[in-house]
Amino acid sequence: MLYREFDGLVLDYSRQNARRDTVEKLFKLAEAARLKQKIHSMFNGDRINSTENRSVLHVALRAPRDKVICSDGKNVVPEVWKVLDKIEEFSELVRSGSWVGATGKALKDVVAVGIGGSFLGPLFVHTALQTGKVCILANVDPIDVARNIVGLDPETTLVVVVSKTFTTAETMLNARTLREWITAALGPKAVAKHMVAVSTNLTLVEKFGIDPNNAFAFWDWVGGRYSVCSAVGVLPLSLQYGFSVVEKFLKGASIIDQHFYSTPFEKNIPVLLGLLSVWNVSFLGYPARAILPYTQALEKFAPHIQQASMPLYFPLRLRVSMESNGKGVSIDGVRLPFEAGEIDFGEPGTNGQHSFYQLIHQGRVIPCDFIGVVKSQQPVYLKGEVVSNHDELMSNFFAQPDALAYGKTAEQLLSENVSQNLIPHKTFTGNRPSISLLLPSLNAYNVGQLLAIYEHRVAVEGFIWGINSFDQWGVELGKSLASQVRKQLNSSRTKGESVKGFNFSTTALLSRYLEVLEI
Ligand code: F6P
(Lines give C-alpha, C1' and ligand atoms only; values in the text may rest on other atoms or scores of the structure.)
Protein backbone atom coordinates (compact mmCIF):
# COMPACT_ATOMS: atom_id res chain seq x y z
CA MET A 1 0.00 0.00 0.00
CA LEU A 2 1.57 3.29 -1.12
CA TYR A 3 -0.90 5.50 0.74
CA ARG A 4 -0.79 6.19 4.49
CA GLU A 5 -3.06 8.07 6.87
CA PHE A 6 -2.28 9.31 10.36
CA ASP A 7 -4.15 11.73 12.61
CA GLY A 8 -5.93 13.43 9.70
CA LEU A 9 -2.85 13.53 7.43
CA VAL A 10 -2.56 11.60 4.18
CA LEU A 11 0.72 10.63 2.52
CA ASP A 12 0.58 9.27 -1.03
CA TYR A 13 3.90 7.95 -2.28
CA SER A 14 2.58 5.95 -5.20
CA ARG A 15 4.31 8.24 -7.68
CA GLN A 16 7.86 7.41 -6.59
CA ASN A 17 10.25 5.53 -8.85
CA ALA A 18 10.07 2.74 -6.31
CA ARG A 19 8.14 -0.50 -6.57
CA ARG A 20 6.74 -2.39 -3.60
CA ASP A 21 9.81 -4.60 -3.51
CA THR A 22 12.04 -1.48 -3.54
CA VAL A 23 10.31 -0.26 -0.40
CA GLU A 24 10.78 -3.71 1.16
CA LYS A 25 14.49 -3.47 0.37
CA LEU A 26 14.62 -0.01 1.92
CA PHE A 27 13.20 -1.49 5.14
CA LYS A 28 16.04 -4.03 5.04
CA LEU A 29 18.50 -1.17 4.59
CA ALA A 30 16.93 0.51 7.63
CA GLU A 31 17.45 -2.65 9.61
CA ALA A 32 21.07 -2.92 8.51
CA ALA A 33 21.62 0.75 9.46
CA ARG A 34 20.04 0.06 12.89
CA LEU A 35 17.50 2.79 12.28
CA LYS A 36 15.16 1.77 15.09
CA GLN A 37 18.00 1.73 17.65
CA LYS A 38 19.21 5.14 16.44
CA ILE A 39 15.72 6.63 16.79
CA HIS A 40 15.47 5.22 20.29
CA SER A 41 18.94 6.56 21.16
CA MET A 42 17.81 10.01 20.14
CA PHE A 43 14.67 9.85 22.30
CA ASN A 44 16.68 8.34 25.18
CA GLY A 45 18.96 11.38 25.31
CA ASP A 46 22.12 9.53 24.26
CA ARG A 47 24.85 11.89 23.05
CA ILE A 48 24.27 11.10 19.39
CA ASN A 49 25.71 14.47 18.33
CA SER A 50 29.14 13.02 19.02
CA THR A 51 31.26 15.82 17.51
CA GLU A 52 29.76 18.26 19.99
CA ASN A 53 29.20 15.64 22.70
CA ARG A 54 25.51 16.54 23.01
CA SER A 55 22.14 14.84 23.24
CA VAL A 56 19.59 15.68 20.56
CA LEU A 57 16.36 16.22 22.39
CA HIS A 58 14.16 18.68 20.50
CA VAL A 59 11.37 16.12 21.08
CA ALA A 60 11.50 17.05 24.80
CA LEU A 61 10.54 20.63 23.93
CA ARG A 62 7.02 19.52 23.01
CA ALA A 63 6.59 16.58 25.36
CA PRO A 64 3.53 16.54 27.64
CA ARG A 65 4.17 17.72 31.21
CA ASP A 66 4.06 14.20 32.66
CA LYS A 67 6.47 12.61 30.16
CA VAL A 68 9.95 11.60 31.35
CA ILE A 69 12.80 12.32 28.93
CA CYS A 70 16.31 12.24 30.38
CA SER A 71 19.61 13.82 29.46
CA ASP A 72 22.50 12.63 31.65
CA GLY A 73 20.03 10.78 33.83
CA LYS A 74 18.02 13.93 34.60
CA ASN A 75 14.42 14.38 33.46
CA VAL A 76 14.46 17.58 31.33
CA VAL A 77 10.69 17.90 30.85
CA PRO A 78 10.10 19.87 34.11
CA GLU A 79 12.75 22.45 33.04
CA VAL A 80 11.07 22.74 29.65
CA TRP A 81 7.71 23.42 31.24
CA LYS A 82 9.20 25.91 33.69
CA VAL A 83 10.27 28.05 30.73
CA LEU A 84 6.97 27.48 28.92
CA ASP A 85 5.07 28.63 32.01
CA LYS A 86 7.27 31.72 32.25
CA ILE A 87 6.59 32.49 28.57
CA GLU A 88 2.86 32.09 29.08
CA GLU A 89 2.92 34.52 31.98
CA PHE A 90 5.15 37.08 30.25
CA SER A 91 3.32 36.99 26.92
CA GLU A 92 -0.02 37.50 28.68
CA LEU A 93 1.39 40.51 30.56
CA VAL A 94 2.53 42.07 27.28
CA ARG A 95 -0.59 41.17 25.32
CA SER A 96 -2.92 42.49 28.00
CA GLY A 97 -1.01 45.77 28.26
CA SER A 98 0.02 45.15 31.88
CA TRP A 99 3.69 45.13 30.89
CA VAL A 100 4.40 48.73 29.96
CA GLY A 101 7.38 50.39 28.36
CA ALA A 102 9.70 53.03 29.86
CA THR A 103 7.14 55.78 29.32
CA GLY A 104 4.19 53.83 30.67
CA LYS A 105 2.73 52.89 27.28
CA ALA A 106 1.68 49.33 26.40
CA LEU A 107 3.93 47.54 23.88
CA LYS A 108 2.27 46.73 20.59
CA ASP A 109 5.12 45.70 18.28
CA VAL A 110 7.63 42.89 18.67
CA VAL A 111 10.93 42.79 16.82
CA ALA A 112 12.57 39.37 16.93
CA VAL A 113 16.23 39.45 15.89
CA GLY A 114 18.03 36.22 15.05
CA ILE A 115 19.59 34.22 12.26
CA GLY A 116 19.48 30.65 10.92
CA GLY A 117 17.60 28.40 13.30
CA SER A 118 17.07 31.34 15.62
CA PHE A 119 14.81 32.84 13.05
CA LEU A 120 13.80 30.62 10.12
CA GLY A 121 11.66 28.30 12.22
CA PRO A 122 9.74 31.09 13.95
CA LEU A 123 9.34 32.87 10.60
CA PHE A 124 7.92 29.73 8.95
CA VAL A 125 5.41 29.16 11.76
CA HIS A 126 4.48 32.82 11.96
CA THR A 127 3.89 33.01 8.21
CA ALA A 128 1.84 29.82 8.31
CA LEU A 129 -0.45 31.06 11.06
CA GLN A 130 -1.01 34.66 10.10
CA THR A 131 -3.23 35.84 7.32
CA GLY A 132 -2.09 39.47 7.03
CA LYS A 133 1.19 40.99 5.93
CA VAL A 134 4.54 39.91 7.39
CA CYS A 135 7.18 42.64 7.81
CA ILE A 136 10.67 41.33 7.25
CA LEU A 137 14.00 42.86 8.17
CA ALA A 138 16.51 40.83 6.18
CA ASN A 139 20.15 40.68 7.24
CA VAL A 140 22.38 43.28 8.86
CA ASP A 141 22.16 45.33 5.69
CA PRO A 142 21.65 48.89 6.95
CA ILE A 143 19.14 49.57 4.17
CA ASP A 144 16.85 46.83 5.40
CA VAL A 145 17.27 47.86 9.02
CA ALA A 146 16.32 51.42 8.15
CA ARG A 147 13.37 50.37 5.98
CA ASN A 148 11.88 48.22 8.69
CA ILE A 149 12.45 50.41 11.71
CA VAL A 150 10.82 53.32 9.94
CA GLY A 151 7.28 52.32 10.91
CA LEU A 152 8.08 51.43 14.51
CA ASP A 153 8.07 53.53 17.66
CA PRO A 154 10.64 52.54 20.32
CA GLU A 155 8.17 53.61 23.00
CA THR A 156 5.81 50.79 22.09
CA THR A 157 8.25 48.16 20.79
CA LEU A 158 9.60 45.05 22.48
CA VAL A 159 12.84 43.60 21.05
CA VAL A 160 13.43 39.87 21.43
CA VAL A 161 17.08 38.95 20.83
CA VAL A 162 17.20 35.28 19.85
CA SER A 163 20.58 33.58 19.81
CA LYS A 164 21.57 30.19 21.18
CA THR A 165 25.19 31.25 21.67
CA PHE A 166 24.63 35.00 22.04
CA THR A 167 27.83 35.47 20.03
CA THR A 168 26.60 35.28 16.41
CA ALA A 169 28.06 38.35 14.70
CA GLU A 170 25.01 39.34 12.64
CA THR A 171 22.53 38.92 15.47
CA MET A 172 24.67 40.77 18.00
CA LEU A 173 25.18 43.66 15.60
CA ASN A 174 21.44 43.89 14.97
CA ALA A 175 20.82 43.65 18.72
CA ARG A 176 23.28 46.50 19.40
CA THR A 177 21.66 48.58 16.65
CA LEU A 178 18.23 48.10 18.20
CA ARG A 179 19.57 48.75 21.72
CA GLU A 180 20.92 52.06 20.48
CA TRP A 181 17.63 52.84 18.78
CA ILE A 182 15.81 52.28 22.06
CA THR A 183 18.25 54.03 24.39
CA ALA A 184 18.66 57.03 22.09
CA ALA A 185 14.91 57.60 22.31
CA LEU A 186 14.15 56.48 25.86
CA GLY A 187 17.39 56.45 27.85
CA PRO A 188 19.60 53.55 28.99
CA LYS A 189 17.16 52.27 31.63
CA ALA A 190 14.57 51.53 28.93
CA VAL A 191 16.42 48.32 27.99
CA ALA A 192 14.87 46.61 31.04
CA LYS A 193 11.38 47.14 29.69
CA HIS A 194 12.01 46.98 25.95
CA MET A 195 14.52 44.16 25.45
CA VAL A 196 14.27 40.49 26.32
CA ALA A 197 16.41 37.53 25.22
CA VAL A 198 16.23 33.86 24.34
CA SER A 199 19.52 32.01 24.73
CA THR A 200 21.46 29.15 26.28
CA ASN A 201 24.12 31.67 27.35
CA LEU A 202 22.49 33.64 30.15
CA THR A 203 25.86 35.09 31.28
CA LEU A 204 26.32 36.86 27.95
CA VAL A 205 22.70 37.99 27.98
CA GLU A 206 23.31 39.77 31.27
CA LYS A 207 26.61 41.20 30.06
CA PHE A 208 24.77 42.67 27.07
CA GLY A 209 22.57 44.55 29.51
CA ILE A 210 19.38 42.50 29.44
CA ASP A 211 17.89 41.72 32.85
CA PRO A 212 18.32 37.95 33.51
CA ASN A 213 14.70 37.91 34.70
CA ASN A 214 13.78 38.87 31.15
CA ALA A 215 15.75 36.00 29.65
CA PHE A 216 14.17 32.75 28.47
CA ALA A 217 16.49 29.79 28.56
CA PHE A 218 16.98 26.77 26.37
CA TRP A 219 19.62 24.09 26.40
CA ASP A 220 22.65 22.67 24.62
CA TRP A 221 20.68 19.58 23.69
CA VAL A 222 18.56 21.70 21.34
CA GLY A 223 20.23 22.22 17.95
CA GLY A 224 19.75 25.72 16.50
CA ARG A 225 17.78 24.52 13.47
CA TYR A 226 15.64 22.30 15.69
CA SER A 227 14.88 25.06 18.18
CA VAL A 228 11.56 26.50 17.00
CA CYS A 229 9.70 24.54 19.71
CA SER A 230 11.92 26.11 22.43
CA ALA A 231 11.62 29.70 23.62
CA VAL A 232 13.24 30.60 20.25
CA GLY A 233 9.88 30.15 18.58
CA VAL A 234 7.49 29.90 21.49
CA LEU A 235 8.22 33.35 22.93
CA PRO A 236 7.77 35.51 19.81
CA LEU A 237 4.87 33.37 18.62
CA SER A 238 3.11 33.53 22.01
CA LEU A 239 3.51 37.30 22.03
CA GLN A 240 1.83 37.37 18.64
CA TYR A 241 -0.85 34.69 18.91
CA GLY A 242 -1.16 33.89 22.62
CA PHE A 243 0.32 30.88 24.40
CA SER A 244 -2.75 28.67 23.90
CA VAL A 245 -2.29 28.76 20.11
CA VAL A 246 1.42 27.91 20.41
CA GLU A 247 0.55 25.06 22.78
CA LYS A 248 -1.52 23.51 19.97
CA PHE A 249 1.49 23.80 17.66
CA LEU A 250 3.60 21.94 20.25
CA LYS A 251 0.89 19.26 20.57
CA GLY A 252 0.84 18.68 16.81
CA ALA A 253 4.61 18.17 16.81
CA SER A 254 4.41 15.91 19.87
CA ILE A 255 1.83 13.60 18.28
CA ILE A 256 4.20 13.07 15.34
CA ASP A 257 7.06 12.40 17.78
CA GLN A 258 5.02 9.57 19.31
CA HIS A 259 4.08 8.25 15.87
CA PHE A 260 7.74 8.37 14.76
CA TYR A 261 8.94 6.62 17.92
CA SER A 262 6.46 3.78 18.05
CA THR A 263 4.86 3.11 14.65
CA PRO A 264 6.14 0.18 12.58
CA PHE A 265 8.20 1.42 9.67
CA GLU A 266 5.70 0.43 6.98
CA LYS A 267 3.18 2.88 8.46
CA ASN A 268 5.61 5.46 9.81
CA ILE A 269 5.34 8.67 7.76
CA PRO A 270 8.73 10.28 8.59
CA VAL A 271 10.49 6.92 8.15
CA LEU A 272 8.86 6.28 4.77
CA LEU A 273 9.71 9.79 3.60
CA GLY A 274 13.30 9.53 4.84
CA LEU A 275 13.87 6.17 3.17
CA LEU A 276 12.43 7.39 -0.12
CA SER A 277 14.72 10.43 0.01
CA VAL A 278 17.73 8.14 0.50
CA TRP A 279 16.50 6.08 -2.46
CA ASN A 280 16.19 9.18 -4.65
CA VAL A 281 19.53 10.72 -3.67
CA SER A 282 21.85 7.77 -3.20
CA PHE A 283 20.41 5.10 -5.51
CA LEU A 284 18.77 7.08 -8.31
CA GLY A 285 21.25 9.97 -8.14
CA TYR A 286 18.70 12.80 -8.01
CA PRO A 287 20.56 15.61 -6.22
CA ALA A 288 17.67 17.99 -5.51
CA ARG A 289 14.21 18.05 -4.00
CA ALA A 290 11.47 20.61 -4.60
CA ILE A 291 9.19 21.46 -1.69
CA LEU A 292 5.97 22.73 -3.21
CA PRO A 293 3.23 23.76 -0.81
CA TYR A 294 -0.08 24.63 -2.43
CA THR A 295 -0.80 27.27 0.17
CA GLN A 296 0.77 30.71 0.37
CA ALA A 297 0.79 30.38 4.15
CA LEU A 298 3.67 27.87 3.79
CA GLU A 299 5.82 30.24 1.74
CA LYS A 300 8.57 30.13 4.38
CA PHE A 301 8.48 26.36 4.79
CA ALA A 302 11.06 25.52 2.09
CA PRO A 303 13.55 28.12 3.40
CA HIS A 304 13.19 26.67 6.89
CA ILE A 305 13.71 23.10 5.72
CA GLN A 306 16.59 24.27 3.60
CA GLN A 307 18.06 26.15 6.64
CA ALA A 308 19.15 29.25 4.83
CA SER A 309 20.54 32.05 7.00
CA MET A 310 18.95 35.42 7.21
CA PRO A 311 18.02 37.59 10.18
CA LEU A 312 14.47 38.87 10.14
CA TYR A 313 11.81 40.53 12.23
CA PHE A 314 8.05 40.64 12.46
CA PRO A 315 5.68 43.02 14.26
CA LEU A 316 3.14 42.02 16.88
CA ARG A 317 0.56 43.92 14.92
CA LEU A 318 0.55 42.11 12.71
CA ARG A 319 15.50 26.97 7.30
CA VAL A 320 16.92 22.24 8.54
CA SER A 321 17.90 19.76 5.83
CA MET A 322 20.94 21.18 4.03
CA GLU A 323 22.75 22.22 7.22
CA SER A 324 21.91 18.86 8.81
CA ASN A 325 22.69 16.45 6.01
CA GLY A 326 25.07 18.43 3.79
CA LYS A 327 28.05 16.45 5.09
CA GLY A 328 31.11 14.96 3.41
CA VAL A 329 32.15 12.51 6.13
CA SER A 330 30.47 9.82 8.20
CA ILE A 331 29.85 10.27 11.90
CA ASP A 332 33.17 8.45 12.44
CA GLY A 333 35.05 10.96 10.29
CA VAL A 334 35.46 8.74 7.21
CA ARG A 335 34.96 10.38 3.79
CA LEU A 336 31.59 9.24 2.41
CA PRO A 337 31.76 7.02 -0.66
CA PHE A 338 28.41 8.44 -1.82
CA GLU A 339 26.63 11.80 -1.95
CA ALA A 340 24.54 12.69 1.10
CA GLY A 341 21.98 15.43 1.52
CA GLU A 342 19.84 17.01 -1.13
CA ILE A 343 19.51 20.50 -2.54
CA ASP A 344 16.18 21.70 -1.21
CA PHE A 345 14.32 24.54 -2.79
CA GLY A 346 10.73 25.49 -3.32
CA GLU A 347 7.98 28.03 -3.77
CA PRO A 348 4.30 27.85 -3.14
CA GLY A 349 2.09 26.64 -5.97
CA THR A 350 0.93 27.87 -8.32
CA ASN A 351 3.64 30.59 -8.39
CA GLY A 352 6.37 28.00 -8.92
CA GLN A 353 4.50 26.57 -11.92
CA HIS A 354 5.16 29.84 -13.73
CA SER A 355 8.88 29.89 -12.98
CA PHE A 356 10.91 26.68 -12.47
CA TYR A 357 8.43 23.83 -13.15
CA GLN A 358 9.42 23.73 -16.83
CA LEU A 359 12.77 22.24 -15.78
CA ILE A 360 11.07 19.73 -13.51
CA HIS A 361 8.70 18.62 -16.30
CA GLN A 362 11.19 18.36 -19.15
CA GLY A 363 14.71 19.00 -17.83
CA ARG A 364 16.42 17.40 -14.82
CA VAL A 365 14.54 14.89 -12.70
CA ILE A 366 13.76 16.53 -9.38
CA PRO A 367 11.62 14.64 -6.87
CA CYS A 368 8.82 16.89 -5.65
CA ASP A 369 6.94 17.17 -2.37
CA PHE A 370 3.43 18.43 -3.09
CA ILE A 371 1.82 19.70 0.12
CA GLY A 372 -1.88 20.56 0.05
CA VAL A 373 -4.53 21.60 2.53
CA VAL A 374 -8.16 20.41 2.46
CA LYS A 375 -9.67 23.41 4.21
CA SER A 376 -8.38 26.87 3.33
CA GLN A 377 -7.67 29.41 6.08
CA GLN A 378 -9.49 32.02 4.01
CA PRO A 379 -11.85 30.46 1.50
CA VAL A 380 -13.17 32.77 -1.22
CA TYR A 381 -16.29 31.97 -3.25
CA LEU A 382 -16.84 34.41 -6.06
CA LYS A 383 -20.42 35.18 -6.94
CA GLY A 384 -21.81 32.84 -9.59
CA GLU A 385 -18.83 30.46 -9.39
CA VAL A 386 -19.22 26.99 -7.91
CA VAL A 387 -15.50 26.28 -7.68
CA SER A 388 -13.86 28.30 -4.90
CA ASN A 389 -10.50 30.01 -5.26
CA HIS A 390 -9.09 27.29 -3.03
CA ASP A 391 -10.54 24.60 -5.35
CA GLU A 392 -8.81 26.35 -8.22
CA LEU A 393 -5.49 26.22 -6.37
CA MET A 394 -6.00 22.59 -5.39
CA SER A 395 -6.88 21.57 -8.96
CA ASN A 396 -3.23 22.26 -9.67
CA PHE A 397 -2.10 20.35 -6.58
CA PHE A 398 -3.88 17.24 -7.91
CA ALA A 399 -2.90 17.74 -11.56
CA GLN A 400 0.85 18.38 -11.26
CA PRO A 401 1.90 15.00 -9.77
CA ASP A 402 0.08 13.20 -12.60
CA ALA A 403 1.59 15.45 -15.26
CA LEU A 404 5.03 14.57 -13.88
CA ALA A 405 4.29 10.88 -13.47
CA TYR A 406 2.52 10.15 -16.76
CA GLY A 407 3.91 12.82 -19.07
CA LYS A 408 2.66 12.88 -22.63
CA THR A 409 3.67 10.67 -25.54
CA ALA A 410 4.17 11.51 -29.21
CA GLU A 411 1.22 9.19 -30.02
CA GLN A 412 -1.09 11.16 -27.77
CA LEU A 413 0.03 14.40 -29.37
CA LEU A 414 -0.51 12.97 -32.86
CA SER A 415 -4.02 11.93 -31.93
CA GLU A 416 -4.60 15.54 -30.85
CA ASN A 417 -3.44 16.72 -34.31
CA VAL A 418 -0.38 18.49 -32.94
CA SER A 419 1.86 19.46 -35.83
CA GLN A 420 4.98 17.29 -36.37
CA ASN A 421 7.49 20.06 -35.66
CA LEU A 422 5.99 20.73 -32.23
CA ILE A 423 5.81 17.10 -31.12
CA PRO A 424 9.34 16.94 -29.62
CA HIS A 425 8.68 20.18 -27.73
CA LYS A 426 5.37 19.02 -26.33
CA THR A 427 6.45 15.52 -25.38
CA PHE A 428 6.94 14.79 -21.68
CA THR A 429 8.78 11.64 -20.66
CA GLY A 430 6.84 11.24 -17.41
CA ASN A 431 8.14 8.90 -14.73
CA ARG A 432 9.12 11.88 -12.60
CA PRO A 433 8.72 11.15 -8.89
CA SER A 434 6.72 13.03 -6.30
CA ILE A 435 4.95 12.54 -3.01
CA SER A 436 1.66 14.19 -2.05
CA LEU A 437 0.97 15.20 1.52
CA LEU A 438 -2.56 16.34 2.26
CA LEU A 439 -3.25 18.15 5.54
CA PRO A 440 -6.80 18.63 6.86
CA SER A 441 -6.19 22.37 7.40
CA LEU A 442 -3.38 24.68 8.38
CA ASN A 443 -4.07 25.44 12.01
CA ALA A 444 -1.34 25.58 14.65
CA TYR A 445 -1.70 21.85 15.36
CA ASN A 446 -1.21 20.88 11.69
CA VAL A 447 1.77 23.21 11.37
CA GLY A 448 3.34 21.39 14.35
CA GLN A 449 2.68 18.04 12.66
CA LEU A 450 4.27 19.20 9.41
CA LEU A 451 7.35 20.56 11.17
CA ALA A 452 7.96 17.33 13.10
CA ILE A 453 7.46 15.14 10.00
CA TYR A 454 10.19 17.01 8.15
CA GLU A 455 12.52 17.21 11.17
CA HIS A 456 12.31 13.43 11.64
CA ARG A 457 12.62 12.76 7.92
CA VAL A 458 15.97 14.61 7.99
CA ALA A 459 17.06 12.51 10.98
CA VAL A 460 16.08 9.26 9.21
CA GLU A 461 18.15 10.19 6.16
CA GLY A 462 21.16 11.04 8.37
CA PHE A 463 20.81 7.82 10.36
CA ILE A 464 20.77 5.74 7.16
CA TRP A 465 23.69 7.63 5.61
CA GLY A 466 25.60 7.21 8.87
CA ILE A 467 26.34 10.93 9.24
CA ASN A 468 25.91 13.40 12.09
CA SER A 469 22.83 15.45 11.16
CA PHE A 470 23.15 17.59 14.26
CA ASP A 471 26.43 19.48 13.87
CA GLN A 472 27.30 22.18 11.29
CA TRP A 473 31.08 22.56 11.06
CA GLY A 474 30.78 23.64 7.44
CA VAL A 475 29.42 27.01 8.53
CA GLU A 476 32.48 27.79 10.63
CA LEU A 477 35.16 28.37 7.95
CA GLY A 478 33.27 31.28 6.36
CA LYS A 479 32.69 32.80 9.80
CA SER A 480 36.39 32.79 10.72
CA LEU A 481 37.42 34.26 7.34
CA ALA A 482 34.82 37.02 7.80
CA SER A 483 36.36 37.81 11.15
CA GLN A 484 39.84 38.26 9.52
CA VAL A 485 38.27 40.64 7.01
CA ARG A 486 36.54 42.54 9.80
CA LYS A 487 39.90 42.98 11.59
CA GLN A 488 41.47 44.27 8.38
CA LEU A 489 38.64 46.77 7.83
CA ASN A 490 39.11 47.97 11.37
CA SER A 491 42.86 48.50 11.09
CA SER A 492 42.54 50.11 7.65
CA ARG A 493 39.93 52.52 8.93
CA THR A 494 41.55 53.38 12.22
CA LYS A 495 45.25 53.24 11.34
CA GLY A 496 45.16 53.55 7.57
CA GLU A 497 46.89 50.15 7.24
CA SER A 498 46.98 48.70 3.73
CA VAL A 499 45.35 45.35 3.00
CA LYS A 500 47.69 42.40 3.64
CA GLY A 501 47.57 38.66 4.29
CA PHE A 502 44.90 37.89 1.67
CA ASN A 503 45.16 36.38 -1.80
CA PHE A 504 45.51 38.64 -4.84
CA SER A 505 41.84 38.70 -5.69
CA THR A 506 40.58 39.44 -2.16
CA THR A 507 43.30 42.04 -1.63
CA ALA A 508 42.24 43.86 -4.80
CA LEU A 509 38.55 43.72 -3.95
CA LEU A 510 39.06 44.83 -0.35
CA SER A 511 41.34 47.69 -1.39
CA ARG A 512 38.76 48.84 -3.90
CA TYR A 513 36.03 48.66 -1.26
CA LEU A 514 38.06 50.76 1.18
CA GLU A 515 39.00 53.23 -1.53
CA VAL A 516 35.41 53.76 -2.67
CA LEU A 517 34.17 54.20 0.89
CA GLU A 518 36.72 56.94 1.45
CA ILE A 519 35.49 58.98 -1.54
O1 F6P B 1 24.09 28.48 10.73
C2 F6P B 1 24.85 28.05 11.82
C3 F6P B 1 24.14 28.32 13.13
O4 F6P B 1 25.00 27.94 14.17
C5 F6P B 1 22.77 27.64 13.25
O6 F6P B 1 22.84 26.32 13.61
C7 F6P B 1 22.10 28.53 14.24
O8 F6P B 1 20.73 28.37 14.22
C9 F6P B 1 22.53 29.89 13.73
O10 F6P B 1 23.87 29.71 13.30
C11 F6P B 1 22.43 31.01 14.72
O12 F6P B 1 23.18 30.79 15.90
P13 F6P B 1 22.78 31.45 17.25
O14 F6P B 1 21.40 31.04 17.60
O15 F6P B 1 23.80 30.97 18.25
O16 F6P B 1 22.86 32.94 17.07
- Using beta carbons and a limit of 7 Å, which pairs, at least six apart or on different chains, have the first residue in region 287-300 and within 12 Å of Val125 (Cα to Cα) and of a type outside the set (Phe, Trp, Tyr) and the second one modelled with pLDDT of 95 or more and crowded, with 23+ Cβ neighbours inside 10 Å? Leu298/Ile371
- Message: Where the second residue is surrounded by fewer than 19 Cβ atoms within 10 Å (Cβ to Cβ) and not hydroxyl-bearing (Ser, Thr, Tyr) and the first is outside any helix (DSSP H, G or I) and lies in region 249-267, which pairs have Cβ atoms under 8 Å and are six or more apart or on separate chains?
- Response: Thr263/Phe6
- under 18 Å from the mean Cα position of the chain (by Cα), modelled with pLDDT of 90 or more, more than 16 Å from the ligand (Cβ to nearest atom) and not in a loop (DSSP other than H, G, I, E, B): does that describe Ala128? yes
- Task: Out of the residues in region 141-163 that are more than 16 Å from the ligand (Cβ to nearest atom) and outside any helix (DSSP H, G or I), state the one that is modelled with the lowest pLDDT.
- Result: Asp141
- Task: Identify all residues within region 177-202 that are surrounded by fewer than 14 Cβ atoms within 10 Å (Cβ to Cβ) and either part of a loop (DSSP other than H, G, I, E, B) or within 14 Å of the ligand (Cβ to nearest atom) (or both); write none if there are none.
- Result: Gly187
- Could you say whether any residue in region 92-104 is more than 26 Å from Pro154 (Cα to Cα), surrounded by fewer than 22 Cβ atoms within 10 Å (Cβ to Cβ) and out of contact with any strand residue (DSSP E or B) (no Cβ under 7 Å at 6 or more places or on another chain)? no
- Task: Quickly run through region 393-415 and pick out the residues that are over 21 Å from Cys368 (Cα atoms) and either buried (at least 17 other Cβ atoms within 10 Å of the Cβ) or out of contact with any strand residue (DSSP E or B) (no Cβ under 9 Å at 6 or more places or on another chain) (or both).
- Result: Ala410, Glu411, Gln412, Leu413, Leu414, Ser415
- Near pairs, Cβ below 7 angstrom, 6+ apart or cross-chain, from region 208-228 (more than 18 Å from Arg54 (Cα to Cα) and within 14 Å of the ligand (Cβ to nearest atom)) to any residue that is charged (D, E, K, R) and in a loop (DSSP other than H, G, I, E, B): none
- Looking only at region 358-369, decide whether some residue is in contact with a helix residue (DSSP H, G or I) (Cβ under 8 Å, 6 or more places away or on another chain) and part of a helix (DSSP H, G or I). yes
- Taking first residues from region 16-31 that are at positive phi and loosely packed, with under 14 Cβ neighbours inside 10 Å and second residues anywhere that are among the polar types (S, T, N, Q) and in a loop (DSSP other than H, G, I, E, B), the pairs with Cβ under 7 Å that are 6 or more apart or on different chains are none
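The values are calculated or read from the model by the stated rules, or taken from the named source; none is laboratory data. This structure is a prediction, so every number in the text was calculated from the model and none was measured. So basically every Cβ, Gly included, is an ideal-geometry build from the backbone, and we count neighbours across all protein chains shown.
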